[in-house]
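Engineer: A single structure is presented below for examination.
Every number in this text was worked out from the coordinates using simple rules, so none of it is lab data. All values reported here derive from a predicted model rather than from experimental measurement.
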């Protein structure tokens with residue numbers, strides 16, 4: 001499982017590096033005459049918004065082309081959900097993107113669980129999956145060191161910036177195909193689990 005996640009993270013890092021490099025080349029080559037400085041200025045905002053910061057090792061890059069749910073919070077914070085996938089090993093992995101549309105830096109300190117063993121104060125360890133029909137709540141999984149199998153180090157997200165997020169949960173029974181994804185301080189989003 002971790003090899004798969006590491007491979008996805010490596011692919012995401014290569015794609016991000018390629019996008020940043022391409023943006024720099026385009027910005028450097030644009031504008032040889034009239035309006036050259038404006039052409040360079042036009043290139044800067046897309047480069048910032050399309051190059052999300054890395055969340056660290058093991059963080060899969062979210063498929064930002066697909067949107068299956070959205071959660072809007074205070075101060076312009078938006079979580080866009082891209083996939084909720086049931087793995088053969090009995091896990092469900094939620095992938096998404098958090099975007100700061102606000103005017104100040106965002107720290108996910110309110111999204112963490114109440115556990116005292118967690119080393120990262122800014123994580124999405126407080127996320128849950130809720131099976132309303134079965135009346136069950138699933139918490140984020142932990143590794144053997146007690147760390148969450150989720151995005152950590154989610155602090156200092158500047159206005160206009162985005163960052164991929166993920167969390168892994170125990171899989172509900174196979175007959176359960178719809179759950180609510182919840183993060184503290186945000187309204188829940190009903191999503192479909194895919195295989």
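Engineer: Just the ratio, please: alpha-carbon radius of gyration of segment 121-195 over 2.2 N^0.38 Å, N its number of residues.
Structural biologist: Working: Rg = 13.5 Å, N = 75, 2.2 N^0.38 = 11.3 Å.
Ratio of Rg to 2.2 N^0.38 Å for segment 121-195: 1.19.
Engineer: For residue 177 and residue 66, compute 0.36 nm times the residue count separating them, minus their Cα-Cα distance, and round to one decimal in nm. Present the calculation step by step, with values, prior to reporting the outcome.
Structural biologist: On the way: separation 111, 0.36 × 111 = 39.96 nm, distance 1.81 nm.
Taking residue 177 through residue 66 to full extension adds about 38.2 nm, to one decimal.
Engineer: Once the mean 1/r over all distinct Cα pairs of segment 146-190 is inverted, what Kirkwood radius in angstroms do you read off? Before the final figure, lay out the partial values.
Structural biologist: Details: mean 1/r = 0.0752 Å⁻¹.
About 13.3 Å, per the Kirkwood formula over Cα pairs.
Engineer: Take the alpha-carbon positions of segment 69-192, form their convex hull, and give its projected area averaged over all directions (one quarter of the hull surface) in nm². Spell out each step's value before the answer.
Structural biologist: Values: hull surface 29.0 nm².
Reported value for the Cα convex hull: 7.2 nm².
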